[in-house]
Amino acid sequence: MHWLGWSLMALGLWGVWGFLGKVGARHLPPSLGYLLAASGHLVVVAYLLAGGLGPVVWHPAGIAAALGSGLAMAVALLFFFEALARGPATVVVPLTALYPAVTVVLSCLFLQEALTWRHAAGLALALAAGWLLSK
């Protein structure tokens, strides 16, 4: 499948994730919501360990980056559930969904990825939308 198809599936599932996170936050303390949400990863891990991995290539920098990515995601998810417990999903989810802005800046600075004027304009509009949604 083309990268765009995978991206659109991720987008849809992240939308469901934000919605279900708020439903959970209405009924559970943030720490329990976090634990239950994180346990959903175990299903995917079990699938991958059962053969869904494909060829395994071990590279120290890749391993370190993947583990750092998981740690960042885990802490961000904990903060996300705290935010959902304290604020409206209509603001928390779109505001936290602006995380690609951080990725764009880091990728330009450290990976020398190009930032076109069109990308910069889209990023500026996304940040403006985040500001408007947070008011």
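Each value in this text was obtained by applying a stated rule to the coordinates, not by laboratory testing. Remember, it's a predicted structure, so these values are computed and weren't measured experimentally. Every residue, glycine among them, receives a Cβ derived from its backbone with ideal geometry; neighbour counts consider all protein chains shown.
Can you show me the helix-derived [θ] at 222 nm for the chain, built from DSSP H runs with n ≥ 4 at -39,500 (n - 2.57) apiece and divided by the number of residues, rounded to the nearest 500.
Details: 6 runs with 106 residues, N = 135.
About -26500 deg cm²/dmol.
Where in the stretch 4-23 is the amide nitrogen less than 15 Å from a point lying 7 Å along the Cα-to-Cβ axis of Ala50?
Flagged as within label range: none.
With the Cα gyration tensor of the stretch 53-119 in hand, give its eigenvalues times 5 under a square root as the equivalent ellipsoid semi-axes, listed largest first in whole angstrom. Could the numbers behind the result be given before it?
Numbers: eigenvalues 146, 86, 19 Å².
For the stretch 53-119, the ellipsoid semi-axes come out as 27, 21, 10 Å.
Using the membrane-span-like helix rule (whole DSSP H runs, Cα extent along the own axis of at least 18 Å, mean Kyte-Doolittle hydropathy at least 0.5), which helices of the chain qualify?
On the way: long enough: 3-27 (36 Å, 0.69); 30-47 (27 Å, 1.30); 60-86 (39 Å, 1.58); 117-133 (24 Å, 1.15).
Those that clear 18 Å and a mean of 0.5 are 3-27, 30-47, 60-86, 117-133.
Rg and Dmax of the chain, using alpha carbons, in Å: what are they?
17.0, 48
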